[in-house]
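Following: one structure in structure tokens, then a few remarks.
Taken together, the values in this text are just the output of simple stated rules run on the coordinates, not laboratory data. Not measured: the values here are computed from a predicted model. Every residue, glycine as well, gets a Cβ built from its backbone with ideal geometry; the counts of neighbours run over all protein chains shown.
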Amino acid sequence: MNFNKELEQKKKEIERLIAGYLPKEEGFAKELARAMNYSMEAGGKRLRPILMAETYRMLGGESKVIEPFLAAMEMIHTSSLIHDDLPAIDNDEYRRGKKTTHAVYGEAVGVLSGDALLNYAYETACRAFFLEPDNQRIGQALLVLSRKTGIYGMLGGQSVDVTNEGKPISKEMLDYIYENKTSALIEASMMVGGILAGASQDEVDRIETIGNRVGLAFQIRDDILDITSTMEELGKPVFSDEKNHKVTYVTLRGLEQATGDVEMISEEAVSLLEEFPQKNEFLQELVRYLVNRKK
Ligand code: GRG
């Protein structure tokens, strides 16, 4: 099967699985559930759960215990996008080619649906205990998932990003921002896959480094697309970094070097992946695809 077809099929499988975990739109809080489901069903690449599932598969994982974590990861990611689009942060009206959650449901429900989805993600991940009550790795996976989302991960990075808008920032600070606001969830996705598959500490550490490199390349590519793509292609506004007075990898290093660095950093990730004797060619191709993605 060719890569694009396989990717589309895996994305569909993930979406089917996620649909089974979404909250019911009923009762007094149904507007909240609608807003949560609106954002979860708005599309997107489903990259993080696919990376998790493929790392799990590479390391020999075969149980359903991964499933609540696949859904939870996409919920965390989506909750961060809802909040990222809010008037207080990027104030964007479009995402994934559709109106953003706050644009449809209003700012208050936008805030609440981001909070609710983040909380619901952990509730969902905890369901893994019902599947395998004695599996100690579920606790380890939960720790990684929550730590990489919080102050020592995505939220830490995002906070430094927003509090430094409009200011000149060092490359060191930019690296911190990218490695946290973007890489942390990608690291967590791959690490959870590894942990639940029974990986050793050394393997989990190596997977963390791979996730870090993938996330960095992914974010630089995001910066490049912000200035080279179109709203139609991206499904979200372009020149958003300039609008928000953000220093990016491209403003610091220039478009040409940024493009070369994305290539180099992702090849580093692929080489580290190749060191695993258990090969997963799809995963390697996925990393390369991310560098050349158009949206
Ligand atoms: C509520 C948990 C929570 C967090 C709020 C706003 C915020 C804190 C974090 C924002 C983090 C962020 C948006 C980082 C940028 C990462 C990035 C490039 C996201 C886009 O990911 P894609 O391209 O999106 O995978 P799709 O739409 O394909 O899912």
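Structure notes:
- The loop-placed trypsin sites (Lys or Arg not before Pro) in region 4-44, going by DSSP, that have at most 12 neighbouring Cβ atoms within 10 Å of their Cβ come out as Lys24.
- Normalising by residue count, region 1-82 has a Cα convex hull of 95 Å³ per residue.
- Theoretical ellipticity at 222 nm over the chain - DSSP helices of four or more residues, -39500 (n - 2.57) apiece, nearest 500: -21500 deg cm²/dmol
- Among the GluC sites (Glu not before Pro) in region 220-294, those placed in a DSSP loop whose Cβ has at most 15 other Cβ atoms within 10 Å are Glu275.
- Cross-link table Lys10/Lys295; Lys11/Lys243; Lys171/Lys279; Lys64/Lys98; Lys30/Lys243, entries beyond 28 Å C-alpha to C-alpha: Lys11/Lys243; Lys171/Lys279; Lys64/Lys98; Lys30/Lys243
- Compactness of region 156-295, expressed as Rg and Dmax over alpha-carbon positions, Å: 15.7, 46
- Taking the inverse of the mean reciprocal distance over all distinct Cα pairs, the Kirkwood hydrodynamic radius of the chain comes to 19.4 Å.
- Amide H contacts under 5 Å for Arg95: Thr100, restricted to partners 5 or more places along the chain or on a different chain, H placed in the peptide plane at 1.01 Å from N.
- Principal semi-axes in Å for region 51-147 [√(5λ), Cα gyration tensor, largest first]: 31, 14, 10
- Cβ crowding within 10 Å, taken as a proxy for footprinting-reagent exposure, orders Thr259, Thr55 from fewest neighbours to most as Thr259, Thr55.
- Local net charge near Gly97, Cβ-Cβ under 10 Å (Lys/Arg +1, Asp/Glu -1): +4
- Glu267/Asn135 FRET efficiency (R0 41 Å; Cβ-Cβ; nearest 0.05): 0.70
- Sites Glu242 and Glu123 - FRET efficiency at Förster radius 45 Å, r taken between beta-carbons, to 0.05: 0.70
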